[in-house]
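Taking it in order: structure first as structure tokens, then the write-up.
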Amino acid sequence: MVPVTIIQVSCPLCGVVRLDADQVTLRSDLAQYHFKCPKCWGETIKPADGKVSRLLVEAGAVVADPERVSPALTLDDLIEFHEHLDDEIEALLG
């Protein structure tokens, strides 16, 4: 069994929490890392300078591939998806 590195991070609501390294994701292209708090389930994003990034990588944090990260959905995307669903439902029922 491979030992898991534990990382201490700070949740704005719960304070210091401990996570397995693979529960922390680093976005080096944005100079930030994020995690989901195991107590409140809140998503937290923190800045990650060079030193923090290096420590997270060495500890085994997940490094997000910026080429594979999808852009955020826009309102237009949601409207288009809704219209597509309406068309699909109409085709199935009609």
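Observations
- Matching residues in region 1-44 - criterion: being among the aliphatic types (A, V, I, L, M) and more than 13 Å from the chain's Cα centre (by Cα): 1, 2, 4, 6, 7, 9, 13, 16, 17, 19, 21, 31
- Summed over region 1-26, the residues that are among the hydroxyl-bearing types (Ser, Thr, Tyr) and under 16 Å from residue 40 (Cα atoms) give a count of 1.
- Under the condition of being closer than 26 Å to residue 25 by Cα and either among the charged types (D, E, K, R) or modelled with pLDDT under 90 (or both), the residues counted in region 58-76 number 12.
- Test for residue 4: is it at pLDDT 95 or above and either touching a strand residue (DSSP E or B) at 6+ places or on another chain (Cβ under 7 Å) or hydrophobic (A, V, I, L, M, F, W, C) (or both): no
- Members of region 15-30 that are loosely packed, with under 14 Cβ neighbours inside 10 Å and either of a type outside the set (Gly, Ala, Ser) or modelled with pLDDT under 95 (or both): 16, 18, 22, 29
The values are calculated or read from the model by the stated rules, or taken from the named source; none is laboratory data. This one's a predicted model, so the numbers in the text were calculated from it and none came from an experiment. Here the Cβ is made from the backbone with ideal geometry for all residues, glycine too, and neighbour counts use every protein chain on show.
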